[in-house]
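This report concerns only the one structure given below.
The values are calculated or read from the model by the stated rules, or taken from the named source; none is laboratory data. In this text the structure is predicted, and so the values were computed from the model without any measurement. Counting neighbours? That spans all protein chains shown, and the Cβs are built from the backbone with ideal geometry, glycine included. For the accessible areas, the whole protein counts, side chains as well, though only heavy atoms, and no ligand, DNA or RNA atoms are used. Shrake-Rupley method; radii C 1.70, N 1.55, O 1.52, S 1.80 Å.
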Amino acid sequence: MLDIKFIRENPDVVKTAVKNKNIKLDVDLLLKIDMELLNVKNLIQNLSEEKNRLSLEIRNNNEEAKTRALEVKVLIKENEEALKEKEQEFKKMMLLTPTIPSEEVPIGIDASFNVVTKKFGEIRKFDFKPKSHIELLDINDLAEFNKITKICGSRTLALKNNLARLEMALWQFTYDILFEKGFTLFNLPSVVFEEALYGTGHFPNEIENTYALPKDKQYLTGTAEVVLNGIHKDEILNEDDLPIKYAGFSPCFRREAGSYGKDIKGLIRVHQFMKVEQFIITKNDLEESEKMYQFLLNNTEELLQKLKIPYQIIMCSTGDMGVGKYKMQDVECYLPSENRYIETHSCSNLHEFQARRTNIRYRENKTNKVKFVHTLNNTGLATPRILAAIIENYQERDGKIKIPEALRPYLRNLEWL
RNA sequence: GGAGAGGUGGCAGAGUGGUCGAAUGCGGCAGACUCGAAAUCUGUUGUUGGAUUUACUUUCAACCGAGGGUUCGAAUCCCUCCCUCUCCGCCA
């Protein structure tokens with residue numbers, strides 16, 4: 001969501017962003033409605049002024065004023081009805097207004113325009129044909145698929161035995177690192193009101209991908225970002241308290257609508273998973289928020305480097321990065337069995353987008369003015385997806401799986417899964 | 001699930017139909033005193049939108065959980081929803 005004033009003054013910039021991000025939004029129509037809205041608002045304000053004046057006179061038993069007041073009342077009501085209609089239309093369109101992407105972002109309508117910006121870690125040369133993580137899970141009795149699917153539906157699974165322990169170890173490992181980096185840790189709920197999802201920008205676009213609890217008018221979140229972003233809703237923060245660094249651990253739910261046939265088996269794409277999300281609230285300052293962005297990205301790299309998993313970083317193109325994003329980079333881990341990289345992390349700077357929707361502001365010390373904060377987020381770690389990369393990269397010829405050294409302290413120095 | 005109480009400015013807390021955007025206290029900010037600090041004293045202290053202006057300058061409107069209603073006029077009365085608290089019941 002953008003500032004309407006910015007849209008009025010820079011319609012062409014907005015139109016370009018709309019086009020590059022492949023968004024269905026008629027900017028000219030939005031501006032037309034904006035004008036109409038202003039007119040109605042002015043009219044109502046004038047009537048309200050009159051109403052207030054008349055009320056004072058009525059206290060002095062002015063009968064004429066009372067007659068006029070009744071007329072004004074009707075006029076206000078009529079105009080308010082017109083206002084409400086236009087406002088709804090306006091809000092709907094405003095929710096679709098995109099953040100203007102950074103100049104670093106490649107322009108293109110889909111993922112095919114993404115660019116690899118970094119590769120790290122040596123890809124292991126196997127002297128045997130690496131097995132898929134699905135095979136390895138089976139050999140080592142580390143997961144249950146079919147029996148669980150019968151009970152819970154497609155794209156569900158259970159981690160078993162030492163893999164279940166490894167998952168827990170990963171959480172400890174991730175939390176330790178983020179805590180040392182100054183993050184406030186939250187173990188969070190995943191049930192929210194729709195308001196929170198509009199706040200992050202997941203709604204309206206992601207409604208189809210979100211589990212609903214209609215009886216309670218609530219939804220299951222697909223990321224802890226939703227709750228973390230909502231924590232400071234409607235607040236005016238002190239500049240001195242920024243940046244705020246939150247790490248949230250929560251179950252995540254995604255319907256994966258429209259992804260039929262994609263990564264059906266295994267640990268890659270499931271309906272319910274666990275994730276630690278990094279979330280930062282910072283000043284409305286390009287330099288500062290870029291600094292925080294690099295911080296978030298570095299944290300992820302550090303984690304993966306400690307786990308010794310080869311990865312690459314992708315700069316997402318305009319069409320692949322979502323309405324609200326200024327800049328987004330995915331971190332992808334190497335999967336030996338398929339000789340490809342799979343997305344395990346996604347780092348985003350949303351500028352004011354979420355702050356506007358959620359009304360999170362701060363008072364700037366220098367000017368004493370109230371400004372919208374910038375919000376940023378990046379995956380800390382998500383399972384089971386990352387487990388696929390760990391298992392495959394750490395496999396041996398006989399199908400045994402080594403445990404990354406960084407995790408062993410959390411597993412009583414266990415060496416093999 | 002049943003019964004009751006309540007949601008007001010950064011916080012605490014008054015206000016139950018008419019200059020109430022809201023008393024008071026705390027906190028914050030500025031100043032005085034001080035070598036400096038504390039204490040004390042003085043002043044100041046919400047957001048959003050419109051118009052106006054050299055200037056947050058002046059002015060108007062809106063906002064007291066959210067949305068509706070009654071009234072010339074609502075923080076105050078009525079309805080719905082959300083949230084919080086207390087007691088009872090149930091329960092991981």
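Observations on the structure shown:
- With all protein chains kept in place, the per residue accessible area of segment A:226-289 amounts to 44 square angstrom at a probe of 1.4 angstrom.
- For chain A, the share of accessible area belonging to carbon and sulfur comes to 50 percent (1.4 Å probe, ligands and nucleic acids excluded).
- Here's the list of aspartates and glutamates a cross-link from A:Lys118 could span, going by alpha-carbon distance under 12 Å and ignoring same-chain residues fewer than 8 apart: A:Glu301, A:Asp330, A:Glu332.
- What the phi angles of segment A:108-122 give under the Karplus curve with 6.51, -1.76 and 1.60, with θ = phi - 60°, is a coupling list of x, 7, 8, 5, 5, 9, 5, 10, 6, 10, 6, 10, 9, x, 7 Hz, glycine and proline written as x.
- Remark: spin-label model distance A:Glu343-A:Glu287 equals 3.3 nm, labels positioned 7 Å along the Cα→Cβ axis.
- Solvent-accessible area per residue, Å², over segment A:4-94 with all protein chains present [probe radius 1.4 Å]: 72 Å²
- Global form of chain A, assessed from the alpha-carbon gyration tensor, a/c cut-off 1.5: prolate
- Taking packing as the residue-averaged number of other Cβ atoms within 10 angstrom, the listed peptides A:351-364, A:110-123 run from highest to lowest as A:351-364, A:110-123.
- Structural descriptor for chain A: relative contact order 21 percent, calculated from alpha carbon pairs under 8 angstrom and at least 6 residues apart.
- DSSP bridge pairs, chain A: antiparallel proportion in percent, nearest 5: 90 percent
- Kyte-Doolittle mean at least 0.0, axial Cα span of 15 Å or more - DSSP H helices of chain A: A:27-58, A:161-180
- Descending by average beta-carbon neighbour count within 10 Å, the peptides A:390-397, A:134-141 line up as A:390-397, A:134-141, the highest first.
- Cα-Cα over 23 Å, subset of A:Lys245/A:Lys283; A:Lys91/A:Lys325; A:Lys15/A:Lys369; A:Lys24/A:Lys327; A:Lys233/A:Lys325; A:Lys262/A:Lys308: A:Lys15/A:Lys369; A:Lys262/A:Lys308
- A:Glu122/A:Lys402 FRET efficiency (R0 22 Å; Cβ-Cβ; nearest 0.05): 0.85
- Per-peptide average of other Cβ atoms within 10 Å, ordering A:27-33, A:325-331 highest first: A:325-331, A:27-33
- Label-point separation in nm, A:Asn161 to A:Ala212, each point 7 Å along Cα→Cβ: 4.3 nm
- Calculated FRET efficiency, A:Lys66 to A:Glu87, Cβ-Cβ distance, R0 = 30 Å: about 0.45 to the nearest 0.05.
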